[in-house]
Amino acid sequence: MKSLKIYGGLLTLLCYPLWGQETTPSVWTLQDCFEYAHDHSITLQQNRLSVEESSVNTKEAKAQLFPSFDFSTSHNYGNYPFADGSQSGNNVYTGTYGINASWTIFDGKRRNTIKANRLQEQQQQYAFRETLDNLQIAILTDYLQILYAEEAVNICKQNVEVSLRQVERSRELLSAGSIAKSDLAQLEAQYSNDKYQLVTAEANRDQLKLNLKQLLELDIDMEMNLALPTIDESMVLVPLPDKSEVYATALQFIPSIQSGKLEIEIAELDIANAKAGYYPNLSLNAGIGSGHNTGNSGCFGTQMKQGFNESIGITLSVPIYSRRSNKSAVERARIQQKLSLLDLKNEEKNLLNEIENAWLDASSAQSQYLAAREQLNATKISFELTEEQFYLGMKNTVEMLTAKNNWLAAQQEELQARFMALLNLKLLDYYENKPLTLD
């Protein structure tokens, strides 16, 4: 899932053809990026609201255990023109007042519903944690890509400096008659190409910075300068952890796995709730009330006193035949439980695949880094010797440019392997529940 999304940006960076005012850091470290995203990410804010909403649902479910009370009153005006054969006393105003209470003593579902809501609230908390983890991994990836791009730019700058030095030296040799004009033309063309590759590398770096700014919800006009820690081989050539131990650790904290376990518990409660459809419901009702009527004799107070009434009752509802709705509900709940079990197994399988891929990629990148480091040393020596021989007239332009390009390619391969190894090692750190840091 995560590792497959990480590589695309790295492969395009090589210079060789292939709310209100607030204080923000002047130089952004990785931890600064994490903290800013935690407070400003719109996605995280949406997840926080989902957690709050699930908490409200739990409180509402708990409140169903208590009686409900309500006050009701009605007022009516009536005209009875032929009530007594005259035109007097034919307008009647009626008012009633009542306080009612209702309490469901037993329905077989409420406590299970409360438990299910609590579990769903925990699921929302895990969803928030998963979003936060994914956001931090995305920030780490972008941050490392920018570091990679900065080093790619430095390689291109170094390459431009070498090309310029060659052009200046070749002009001196041309003046001395030691090389042909065509040789100088080839070197000048290479120098122009190297400058173009530098501009391309700088544009890639700037685009990656923009991507990170957008990920952090930063304003478009805000300047962002990153701290640039040195990524050396001590951070790359660290021993790889045991895959089985990493997997066992990840199973205990990865949010999607924990949420899947809760989903199974919720499915079990849904089965219990579906079975509760077979149980009787018992409820208690009580009320007091009174009323008055202008068509009756007596004053308002007398009528209210005489009309005062109290009531209490109990209702028992026993299901006898529900046209298979209860049985179908139970069957659907059991099917959902099986689906939840399969979903959890699928999540565990996906997690294992992610860990194995990260481990294999880290191992491969470490091996590639060791080989690329040796190749880099060899091609650098070869280029320096070939360049010296070119100035002595022992090598031609094509041979020197070939040696130079081989050295440049070796630099790029070493850089790519170094950052790929580091990236996958950080992914393994995440699966081991370690902090994501570049310290």
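The values are calculated or read from the model by the stated rules, or taken from the named source; none is laboratory data. These numbers come from a predicted model, not from an experiment. Here the Cβ is made from the backbone with ideal geometry for all residues, glycine too, and neighbour counts use every protein chain on show. These area figures cover heavy atoms from the full protein model, side chains too; ligands, DNA and RNA do not enter into them. Shrake-Rupley method; radii C 1.70, N 1.55, O 1.52, S 1.80 Å.
Summary table below
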{"quantity": "Residue in segment 205-213 that is under 30 Å from residue 351 (Cβ atoms), under 24 Å from the mean Cα position of the chain (by Cα) and of a type outside the set (A, V, I, L, M, F, W, C) present", "calculated": "yes"}
{"quantity": "Odd one out for residue 201 among (1) surrounded by 14 or more Cβ atoms within 10 Å (Cβ to Cβ); (2) over 26 Å from residue 439 (Cβ atoms); (3) at pLDDT below 90; (4) among the hydrophobic types (A, V, I, L, M, F, W, C)", "calculated": "(3)"}
{"quantity": "Of the criteria (1) touching a Phe, Trp or Tyr at 6+ places or on another chain (Cβ under 9 Å); (2) open to solvent by less than 50 Å² (accessible area, probe 1.4 Å), which one residue 217 fails", "calculated": "(2)"}
{"quantity": "Residue pairs meeting the criteria (Cβ under 9 Å; at least 6 apart or on separate chains; first in a strand (DSSP E or B), in segment 72-88; second of a type in the set (Phe, Trp, Tyr) and modelled with pLDDT of 90 or more)", "calculated": "72/97; 73/97; 74/97"}
{"quantity": "Boolean, residue 295 is assigned to a loop (DSSP other than H, G, I, E, B), touching a strand residue (DSSP E or B) at 6+ places or on another chain (Cβ under 7 Å), within 30 Å of residue 91 (Cβ to Cβ) and not aliphatic (A, V, I, L, M)", "calculated": "yes"}
{"quantity": "Identity of the residue in segment 365-380, of a type in the set (S, T, N, Q) and out of contact with any helix residue (DSSP H, G or I) (no Cβ under 8 Å at 6 or more places or on another chain), that ends up nearest to residue 234 (Cα to Cα)", "calculated": "367"}
{"quantity": "Segment 257-289 - residue that is part of a helix (DSSP H, G or I) and open to solvent by 50 Å² or more (accessible area, probe 1.4 Å) and, of those, farthest from residue 309 (Cα to Cα)", "calculated": "261"}
{"quantity": "Cβ-Cβ under 6 Å pairs, at least 6 apart or on other chains, segment 364-386 side over 12 Å from residue 414 (Cβ atoms), far side open to solvent by less than 30 Å² (accessible area, probe 1.4 Å) and among the aromatic types (Phe, Trp, Tyr)", "calculated": "383/407"}
{"quantity": "Residue selected from segment 1-37 under the condition at pLDDT 50 or above and open to solvent by 70 Å² or more (accessible area, probe 1.4 Å), by the criterion farthest from residue 405 (Cα to Cα)", "calculated": "22"}
{"quantity": "Options 196, 126: the member that is farther than 30 Å from residue 34 by Cα, modelled with pLDDT of 95 or more, out of contact with any Phe, Trp or Tyr (no Cβ under 9 Å at 6 or more places or on another chain) and part of a helix (DSSP H, G or I)", "calculated": "196"}
{"quantity": "Of residues in segment 361-387 being open to solvent by less than 40 Å² (accessible area, probe 1.4 Å) and more than 32 Å from the chain's Cα centre (by Cα), the one nearest to residue 165 (Cα to Cα)", "calculated": "387"}
{"quantity": "Top-ranked residue in segment 414-429 [being open to solvent by less than 20 Å² (accessible area, probe 1.4 Å) and among the aliphatic types (A, V, I, L, M); ranked as farthest from the chain's Cα centre (by Cα)]", "calculated": "415"}
{"quantity": "Answer residue from segment 221-256, given it is in a helix (DSSP H, G or I) and open to solvent by 70 Å² or more (accessible area, probe 1.4 Å) and is nearest to residue 149 (Cα to Cα) among those", "calculated": "233"}
{"quantity": "Some residue of segment 306-317 being out of contact with any strand residue (DSSP E or B) (no Cβ under 9 Å at 6 or more places or on another chain) and surrounded by fewer than 17 Cβ atoms within 10 Å (Cβ to Cβ)", "calculated": "no"}
{"quantity": "Top-ranked residue in segment 151-184 [being out of contact with any helix residue (DSSP H, G or I) (no Cβ under 6 Å at 6 or more places or on another chain), in a helix (DSSP H, G or I) and open to solvent by less than 60 Å² (accessible area, probe 1.4 Å); ranked as nearest to residue 384 (Cα to Cα)]", "calculated": "162"}
{"quantity": "Selected residue (only one of 187, 147 is in a helix (DSSP H, G or I) and under 28 Å from residue 438 (Cβ atoms))", "calculated": "147"}
{"quantity": "Some residue of segment 338-345 being closer than 16 Å to residue 243 by Cα and among the basic types (Lys, Arg)", "calculated": "no"}
{"quantity": "Selection count, segment 388-413, where residues are part of a helix (DSSP H, G or I), open to solvent by 20 Å² or more (accessible area, probe 1.4 Å) and among the charged types (D, E, K, R)", "calculated": "3"}
{"quantity": "Residues of segment 199-220 satisfying the condition of being touching a helix residue (DSSP H, G or I) at 6+ places or on another chain (Cβ under 7 Å) and in a helix (DSSP H, G or I)", "calculated": "201, 202, 204, 205, 208, 209, 211, 212, 215"}
{"quantity": "Subset of segment 90-132 (residues that are open to solvent by less than 30 Å² (accessible area, probe 1.4 Å) and more than 34 Å from the chain's Cα centre (by Cα))", "calculated": "90, 92, 95, 98, 101, 108"}
{"quantity": "Extreme residue, farthest from the chain's Cα centre (by Cα), among residues of segment 318-346 that are open to solvent by less than 70 Å² (accessible area, probe 1.4 Å) and within 30 Å of residue 252 (Cβ to Cβ)", "calculated": "333"}
{"quantity": "Test for residue 353: is it at pLDDT 95 or above, touching a helix residue (DSSP H, G or I) at 6+ places or on another chain (Cβ under 7 Å) and farther than 28 Å from residue 188 by Cβ", "calculated": "no"}
